[in-house]
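The values are calculated or read from the model by the stated rules, or taken from the named source; none is laboratory data. None of these values were measured; they are calculated from a predicted model. Don't worry about glycine lacking a Cβ; one is built from the backbone with ideal geometry, like all the others, and counts go over all protein chains shown. To get the accessible areas, we keep the full protein, side chains included, count just its heavy atoms, and leave off ligands, DNA and RNA. Shrake-Rupley method; radii C 1.70, N 1.55, O 1.52, S 1.80 Å.
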Amino acid sequence: MQIEDRPAVIELKNLSKSFGRVKANDDISLKLYSSEILALLGENGSGKTTLMNMLSGIYQPDSGSILLNGETVKINSPKDAIKLGIGMIHQHFKLVDVFTAEENIKLGSRGKGESISARSLVQSLNLNIDLDKKIYDMSVSEKQTVEVLKVLTRKADILVLDEPTAVLTPQEIDTLFNTLREMKKAGKSIIIITHKLEEVLAISDRVAVLHKGRLVDTVNTKEADRFSLTEMMVGRQVDLDIKRAKTIPGDVVLSVEGLTVHGNEGNVELDKISFSLRAGEILGVAGIAGSGQKALCESIAGLQPVTSGSISLSGQRIDGLSPRQIIELGISMAFIPEDRLGMGLISSMNIPDNLLLKTYRDQKGLLLKRTQARKEAEELVEQLSIVTPGLKTPVSKLSGGNVQKVLLGREINLSPKVLITAYPVRGLDIGASMTIYDMLNEQKEKGVSVLFVGEDLDVLLALCDRIMVLSSGKLSAIVENRFATKALLGMKMVGMTTDKEDEYV
Amino acid sequence: MDFNHIILFLYAAILAGVPLLYGTLGEIIIEKSGNLNLGVEGMMYLGAISSFLAAYTFESAFLAIIAGFLAGVLGALIYAFLTVSLKANQNVTGLTLTVFGTGVANFIGERLKMTSEAGTVIVSDSVIRSLLPMKLGALSDIPVIGKLVFNHSILTYLSILFAILMSLYLNRSRIGLNLRAIGENPSAADAMGIDVNRYKYLHILFGGGLCGLGGVYIALVTCVGNWQPNIIGGQGWIAVALVIFASWKPLRAVFGSLIFGALSMLRLYMPKSIIDIPASIFNMLPFAVTCLVLVISSIRMKRENQQPAACGVNYFREER
């Protein structure tokens, strides 16, 4: 039986939603059938989450209607959505940190009868989770399991998952997908929001593609491939291959020996890490979020004290120097935290002033001279095609991609010897990401040593000459690009040992 | 210094601790809903003047208590409307409420005094008597314990009862769990179908009422129905600090109020033969210890014992 012959469980009719002057969703119509997985694909800011938030009662549509089993429904609040059997699993987990898993699951329910017991679900779905554990003690994948349980205990028949794989390792993604397939078999309808093509192709039955708030098309996954989907998603053809610039690595520039770093609470954040970084190479850093990436970047940049071990730049010890001295020696860091604006840029200041932050000390006299910075800012905007209403606009008003270009551009402007960059493409769409990769390759060709902390293994594999894997603060492997595979990196990320240890290094 | 003197001192400490306990309990329940209300002092003033007026006019202790509670609720309603419905800044709104309550109470109090013939206004004896310590039969005759524990005003027993009930409510009931979730992460609570704004309103109003009762106690028990200018005198602020001292736990608040009550009474009960320092140093003591508590409590503490994570931040569902 063709999927379309069945009655739709959910039908969205001509939904529109604006925020101020921005049309986040423009006249979108979509159907969801029972026992199917529908992928909602689109770049960042294309309106995927907005659309689903209207389905789960977080936002109210400006116009249009939602039909559930053929009847028009009004979803005024998340409470209404739950009553109608719609459960949303948000990208940023909505969990109370100081509660146990069970307490989080119990929230908002009115005693027995209304919900299925979480313990019976854990057994029937064969999930590996301790319901009495506090959320703040949990790994991301455990937290996600709690989110899934929250929705299932409320007897939801329609599940919406917003970017569920963003924080998971490849193995964890497999587990999640298996759970989703189980649920589909049990008759649930699932919508999964993502911008990763591989996942769409792996899990979904149909794909709906959004572009700039409009629905481009809905297609059967079987009839789609990476290229057709990208073209629909971006609105033009994109070269999906990340190039790896061919260079011959030079001398060792940065050398790290037995680096141990303790956190504020005395916990070990980095445990005896040793590696070296050569001129003209990109060394990737892979690892589950929170495996010590931040401590690594910050200790090299002088922002976090080193407990033991040494860091040397061209033979000169730099651990113990102040961040400013380290910058002057030629180490630049561009760290993009989860909230993007948190580190490196002052969001209420404009581009020239943000550039000045790194250089104003070299100026003489009492008053700031802005001419030079303004000129540099103009060049930066031109070179990196940064979209901004003007140089006087605070960077908080720019879109995420443009903010990241400013941040990376500023560091590159200082012509560093070592460029440390963490998550530079976090939250960026394909087009903007490619620009950033090109910038990194260009630096590498110039002979700069690049330390690239990344999230997406496909990107790391394509871009980096060597990949170093961190697992709970320990160095679990350094793998040459030609030996590296996703499966191997994934195993190393969770700290598993393989028998062929030395061959990769 | 004999034993009897110490018992008298401890008894006085309990008396002085009761209004602090009301203020602290009120603020705890408000902060658990995710709102920081710096208007405790103001709500206590409103409670004090309203109960005083009711007692003065109707000569009824019962009506005085109700009036004080409702006045606190009313002050809290202004605060809740501004912060929950209109999303105004919580700190500014709370501070303003304190200034407002202090002004209104002092204005009405002074006005009463000026218009009275004797130049003082005193509530009739019958009202005061019904709020005086009452004996609980044979229990009150037990030596020491009888005096310390079973010989108190109805308002004192009530405050302890509130502390116990609030502790059960927060930690054992389903509604309490939902409330704590709102204080920690309102968007998580919202996503689970909890009506965040309704919870906030109800608990802010109830907390305001408790603060009002603290005012009632000060006006009618501490000052025995004799209105004085600046009658609350910063006790609302100590209550705000006590919330931290009690790490947001009602039962610890009982303990904390006792300590701070004792500190404020030390001036009167410390024999000059032991320590002879100016009285103003003793007056300073509760505030100095408050500072100390704030410093120490910012260092230690498990995550469960900290301020609710979303306290002080307004919740707006459609925020991007």
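The table that follows gives values for the structure above.
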item: Cα-projected label distance for residue B:292 with residue A:370, points at 7 Å along beta-carbon direction, nm; result: 5.1
item: Selection of GluC sites (Glu not before Pro), the range A:237-320, meeting DSSP coil and at most 11 other Cβ within 10 Å; result: A:265
item: Accessible surface, 1.4 Å probe, highest first, among residues A:412, A:467, B:277; result: B:277, A:412, A:467
item: Residue A:165 accessible area, assembled protein chains, probe 1.4 Å, Å²; result: 10
item: Global geometry of the range A:68-151, whether rounded, prolate or oblate, following the gyration tensor of its Cα atoms and the 1.5 cut on a/c; result: prolate
item: Mean shadow area of the protein assembly as shown over all directions, Cα convex hull, nm²; result: 45.1
item: Cβ crowding within 10 Å averaged over residues, with A:148-161, B:129-142 ranked highest first; result: A:148-161, B:129-142
item: Rg over Rh [alpha-carbon atoms, Kirkwood Rh] for the range A:155-305; result: 1.10
item: FRET efficiency estimate (nearest 0.05) - Cβ-Cβ, residue A:243 to residue A:217, R0 41 angstrom; result: 0.85
item: Summed residue charge, Cβ within 13 Å of residue B:166's Cβ, Lys/Arg positive, Asp/Glu negative; result: +3
item: Stretchable slack from residue A:268 to residue A:182, in nm (0.36 nm times residue separation minus alpha-carbon distance); result: 27.1 nm
item: Whole-number percent relative contact order across the range A:20-101, with pairs defined as alpha carbons under 8 Å at least 6 apart; result: 21
item: Share of alpha-carbon pairs per 10 Å distance bin for the range A:367-504, given as whole %; result: 10, 35, 29, 16, 8, 2, 0
item: Whole-number D in µm² s⁻¹ for the range B:3-315, Kirkwood Cα-pair radius fed into Stokes-Einstein, 4 °C, 1.567 mPa s; result: 65
item: Hz values of 3J(HN,Hα) by residue in the range A:358-370 - Karplus curve (6.51, -1.76, 1.60), Gly and Pro given as x; result: 8, 10, 4, 5, 7, 7, 9, x, 7, 9, 6, 9, 9
item: Counting DSSP beta bridges with both ends in chain A, the antiparallel % (nearest 5); result: 55
item: Alpha-carbon centroid distance for the pair the range B:211-261 / the range A:352-384, whole angstrom; result: 56
item: Proximal aspartates and glutamates relative to residue A:222, as straight alpha-carbon distance under 12 Å, when same-chain residues fewer than 8 apart are discounted; result: A:205
item: Full-stretch length increase - residue A:414, residue A:483 - with 0.36 nm per residue and alpha-carbon distance subtracted; result: 21.4 nm
item: Partners for residue A:243 among aspartates and glutamates (Cα-Cα distance below 15 Å; same-chain residues under 8 apart left out); result: A:281, A:438, A:442, A:445, A:458, A:465
item: Separation between Cα centres of the range B:1-51 and the range A:10-41, rounded to whole Å; result: 54
item: Global form of the range B:1-143, assessed from the alpha-carbon gyration tensor, a/c cut-off 1.5; result: oblate
item: Approximate spin-label separation residue A:205-residue A:155, in nm, with each point projected 7 Å along Cα-to-Cβ; result: 2.3
item: In order through the range A:25-42: 3J(HN,Hα) via Karplus (6.51 cos²θ - 1.76 cosθ + 1.60), integer Hz, x for Gly, Pro; result: 10, 10, 6, 9, 10, 7, 10, 10, 9, 6, 6, 9, 10, 9, 9, 10, 10, x
item: Inter-probe distance in nm under a simple model that places probes 7 Å from Cα toward Cβ, at residue B:279 and residue A:67; result: 8.2
item: Prolate/oblate/rounded label for the range B:112-245 (Cα gyration tensor, a/c 1.5); result: oblate
item: Inter-chain Cβ neighbour average for residues B:180-186, partner chain, 10 Å; result: 5
item: Long-range HN-HN contacts of residue A:278 with modeled amide H, under 5 Å; result: A:253
item: Dipole of the range A:1-78, positive end: most advanced residue of A:22, A:72, A:40 [Cβ charges, Cα centre]; result: A:22
item: Accessible-area ranking of B:244, B:164, largest first, probe 1.4 Å; result: B:164, B:244
item: Cβ-placed point charges (K, R +1; D, E -1), dipole of the range A:1-102 about Cα centre in debye, nearest 20; result: 280
item: Entries of A:31/A:79; A:143/B:302; A:94/B:249; A:134/A:212; A:246/A:397; A:143/A:185 with Cα pairs more than 28 Å apart; result: A:134/A:212; A:246/A:397
item: Directionally averaged projected area (convex hull, Cα atoms, the range B:186-320), nm²; result: 11.7
item: Contact order relative to length of chain A, as percent, for alpha carbon pairs under 8 angstrom and 6 or more apart; result: 14
item: Options B:133, B:100, B:164, ranked by Cα towards positive dipole end of the range B:3-315, top entry (Cβ charges); result: B:164
item: Chain lengthening between residue A:110 and residue A:21 when straightened (0.36 nm per residue, less Cα-Cα); result: 28.0 nm
item: GluC sites (Glu not before Pro) restricted to the range A:30-71 and DSSP loop, no more than 13 other C-beta within 10 Å; result: none
item: Accessible area per residue in Å² at 1.4 Å probe, computed on chain B; result: 45
item: Rounded FRET efficiency, nearest 0.05, which uses the C-beta distance separating residue A:385 from residue A:359 and R0 of 35 Å; result: 0.90
item: Only Lys, Arg (+1) and Asp, Glu (-1) charged, at Cβ; the protein assembly as shown dipole about Cα centre in debye; result: 1380
item: Average accessible area per residue (Å²) across chain A - probe 1.4 Å, nucleic acids and ligands excluded; result: 45
item: Area of residue A:197 that stays accessible when all protein chains are in place (1.4 Å probe, Å², to 10); result: 10
item: Unit charges on C-beta of K, R, D, E only; dipole of the range A:138-246, Debye; result: 140
item: Summed residue charge, Cβ within 15 Å of residue B:75's Cβ, Lys/Arg positive, Asp/Glu negative; result: -2
item: Accessible-area ranking of A:444, A:133, A:392, largest first, probe 1.4 Å; result: A:392, A:133, A:444
item: Local net charge near residue B:28, Cβ-Cβ under 13 Å (Lys/Arg +1, Asp/Glu -1); result: +2
item: Mean separation of Cα contacts under 8 Å, 6 or more apart, over the residue count of chain B: relative contact order %; result: 37
item: Karplus-derived 3J(HN,Hα), 6.51/-1.76/1.60, for each residue of the range B:304-315, Hz, glycine and proline x; result: 5, 9, 9, 4, x, 4, 9, 5, x, 10, 6, 9
item: Peptide B:187-200 - average C-beta neighbours from other chains (10 Å radius); result: 6
item: Degrees separating the helix B:250-269 axis from the principal Cα axis of chain B, which is the longest one; result: 30
